[in-house]
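Each value in this text was obtained by applying a stated rule to the coordinates, not by laboratory testing. Since we're looking at a predicted model, the values are computed, not measured. A quick note on method: Cβ atoms are made from the backbone with ideal geometry, for glycine too, and the neighbour counts reach across all protein chains shown.
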2 protein chains.
Amino acid sequence: LPTPLKLDNLRVVLVSTRNSLNIGAAARALSNFGIHKLRVVNPYEKAFREAKSAVGGAKVLADAEEFTSIADAVADCNLVVGTTAVRHRELQHPIMRLEAGSRLIRKTSGNVALLFGSEKFGLSNDDLSHCNWLIRIPTSDENISMTLGQAVAVCLYELIRNGRAPVQKEKLKLASSEEMERITTTLLDVLHASGFLKRRQVSDADNRIRRVVRRLAWPERDATVWTGMLRQILWKLRKGGPPEG
Amino acid sequence: LPTPLKLDNLRVVLVSTRNSLNIGAAARALSNFGIHKLRVVNPYEKAFREAKSAVGGAKVLADAEEFTSIADAVADCNLVVGTTAVRHRELQHPIMRLEAGSRLIRKTSGNVALLFGSEKFGLSNDDLSHCNWLIRIPTSDENISMTLGQAVAVCLYELIRNGRAPVQKEKLKLASSEEMERITTTLLDVLHASGFLKRRQVSDADNRIRRVVRRLAWPERDATVWTGMLRQILWKLRKGGPPEG
């Protein structure tokens with residue numbers, strides 16, 4: 001099995017970013033996913049200064065390194081991967097979907113640079129000439145271009161995700177929320193009528209009961225049976241009198 | 001094999017969102033990933049109006065539906081999943097990592113609502129009482145909380161991603177960019193000295209050559225050999241005179 005990518009081996013390189021909010025959003029995505037090496041190449045000076053001084057800009061931005069050329073920014077990297085929204089940028093580079101590209105990146109030993117271009121123009125052909133290959137996020141044809149901060153977040157998530165995260169067993173084929181809400185409100189009526197809930201004693205008692213109901217996986221076909229039972233109980237409770245039989 | 005989630009069966013529900021830019025960013029993520037059903041519950045009215053009128057707000061926002069309660073917003077859903085950054089919100093609900101939760105969501109037949117809380121407070125206990133279970137994005141402990149737009153983008157990406165996207169074979173264990181750049185500049189000198197490139201004839205010839213070099217997977221151990229060969233050739237070209245032998 002290949003050694004998984006060490007997060008410290010990843011460098012996120014922002015090229016010619018224009019907007020301080022976007023630099024900040026990218027930095028936040030790094031810190032969300034535990035990645036610390038942010039590099040900026042020829043940012044608009046004002047945007048970079050503003051981003052650095054923003055509240056909550058935090059450690060990733062304070063430690064960000066500035067370069068005047070891509071060659072310098074990726075000099076210590078063994079693999080340089082560009083990001084693009086375009087599908088076939090004249091086919092000068094191999095382009096892979098993010099899912100596949102991430103598998104290759106994770107298998108790489110040594111340092112990896114992940115390049116993001118400017119908000120408006122993406123990576124130029126000049127920028128791309130420094131890349132070994134490109135990845136694209138599998139966006140829909142109706143709107144292929146993501147914001148910088150969202151694109152960085154999605155790429156980093158894909159790199160750190162763990163496909164083997166365990167799933168708890170849950171039964172599906174559930175009743176609709178409308179049916180569950182009907183069960184909940186009828187049950188609440190019953191609980192009040194029976195004295196189990198004292199009227200208005202605990203203000204969030206309704207929510208506690210709603211959670212109790214929601215934690216059960218109510219099969220769709222049983223929902224009306226439950227509602228019927230509860231309604232009968234409620235009717236009997238409200239009618240009053242001694243129990244029958 | 002389970003039927004994969006139909007994108008039309010997914011409803012993204014924003015609860016009590018305060019900021020128009022965040023509503024816009026969430027809407028953009030929907031359109032990036034081909035999802036069309038955006039619902040908002042009790043948004044700050046001004047924020048929702050501003051978001052709807054924003055340039056590029058586009059179809060998803062124009063079609064967004066507004067509700068005054070979560071119960072109404074999820075009434076047609078068979079599964080309601082909340083999102084949270086918190087790990088153990090008093091353990092009232094099962095919480096799963098996004099990777100695992102997405103597998104369950106994809107297996108669900110019927111409609112699925114994915115709930116996102118306000119930027120500042122997330123989903124309240126009241127909001128959460130409508131959920132069957134919760135997912136959390138596997139963020140780093142150093143900064144667990146993502147921006148709304150980035151969180152929506154990452155969740156939707158995970159739902160649409162295709163883990164079987166094909167990988168092109170690439171040999172890894174590559175030379176560093178510094179070594180590849182040394183090969184590139186030496187080769188360029190050789191090409192100029194040899195007359196293959198006429199000086200300054202094509203302004204982006206250097207980039208074309210750099211791409212040609214980068215498209216090869218240069219094994220690290222061969223880099224110095226190549227540089228040595230090219231330097232010898234360059235020396236000979238510059239020395240001039242008839243070929244030896």
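Brief remarks follow.
- Histogram of C-alpha separations across segment A:1-51, 5 Å bin width, %: 5, 20, 28, 20, 13, 7, 4, 2, 1, 0
- Ranked list, fewest to most other Cβ atoms within 10 Å of each Cβ, for B:ASP63, B:ASP76, A:ASP141: A:ASP141, B:ASP63, B:ASP76
- Cβ-Cβ FRET estimate between B:ASP141 and A:GLU50, R0 fixed at 30 Å, reported to 0.05: 0.60
- Share, in percent, of DSSP beta bridges within segment B:55-160 that are antiparallel, nearest 5: 10 percent
- Gyration tensor over alpha-carbon atoms, segment B:27-131, equivalent ellipsoid semi-axes in Å: 24, 17, 13
- The mean number of partner chain beta-carbon atoms within 10 angstrom of a residue's beta-carbon across peptide A:146-152 is 6.
- The value for segment A:74-144 of Rg(Cα) / (2.2 N^0.38 Å) is 1.08.
- Estimated FRET transfer efficiency when R0 is 60 angstrom, pair B:LYS236-B:ASP8 (beta carbons, to 0.05): 0.35
- With a simple spin-label model that places each label point 7 Å from the Cα along the Cα-to-Cβ direction, the separation between A:THR68 and A:THR224 comes to 7.7 nm.
- Across the identical copies, how the A:LEU7 labels are spaced - nm, sorted shortest first, 7 Å along Cα→Cβ: 3.0
- Summary for B:GLY34: label point 7 Å along Cα→Cβ; distances to the equivalent points in the other copies, ascending, 3.2 nm.
- Within chain B, all pairs of alpha-carbon atoms sorted by distance into 10 Å bins from zero give the percentages 7, 24, 21, 11, 12, 13, 8, 3, 1, 0.
- For the listed residue pairs A:LYS198/A:LYS239; A:LYS120/B:LYS46; A:LYS59/A:LYS120; A:LYS120/B:LYS120; B:LYS6/B:LYS120; A:LYS46/A:LYS120, the alpha carbons are over 24 angstrom apart in A:LYS120/B:LYS46; A:LYS59/A:LYS120; A:LYS120/B:LYS120; B:LYS6/B:LYS120.
- Inter-copy label distances at B:ALA54 (7 Å, Cα→Cβ; nm, one decimal): 1.4
- Counting DSSP beta bridges with both ends in chain A, the antiparallel % (nearest 5): 10 percent
- Across A:THR224, A:THR68, A:THR139, mean-square fluctuation computed from a Gaussian network of chain A (C-alpha pairs under 10 Å connected) peaks at A:THR224.
- Gyration tensor (alpha-carbon) shape descriptor, the protein assembly as shown, a/c threshold 1.5: prolate
- In segment B:34-123, trypsin sites (Lys or Arg not before Pro) in a DSSP loop with at most 13 other beta-carbon atoms within 10 Å: B:ARG87, B:LYS120
- Label sites at A:ARG103 and A:ALA193, each approximated as a point 7 angstrom past Cα along Cα to Cβ, lie 5.9 nm apart.
- Percent RCO, i.e. relative contact order, over chain A, from Cα pairs under 8 Å lying at least 6 residues apart: 20 percent
- Between B:GLY117, B:GLY195, B:GLY163, the residue with the greatest mean-square fluctuation in the GNM of chain B (Cα pairs under 10 Å linked by springs) is B:GLY195.
- Antiparallel DSSP beta bridges within the protein assembly as shown, percent to nearest 5: 10 percent
- Report summary: the helix-based calculation at 222 nm, which adds -39500 (n - 2.57) for every DSSP H run with n ≥ 4 and divides by the residues of the protein assembly as shown, gives -12500 deg cm²/dmol.
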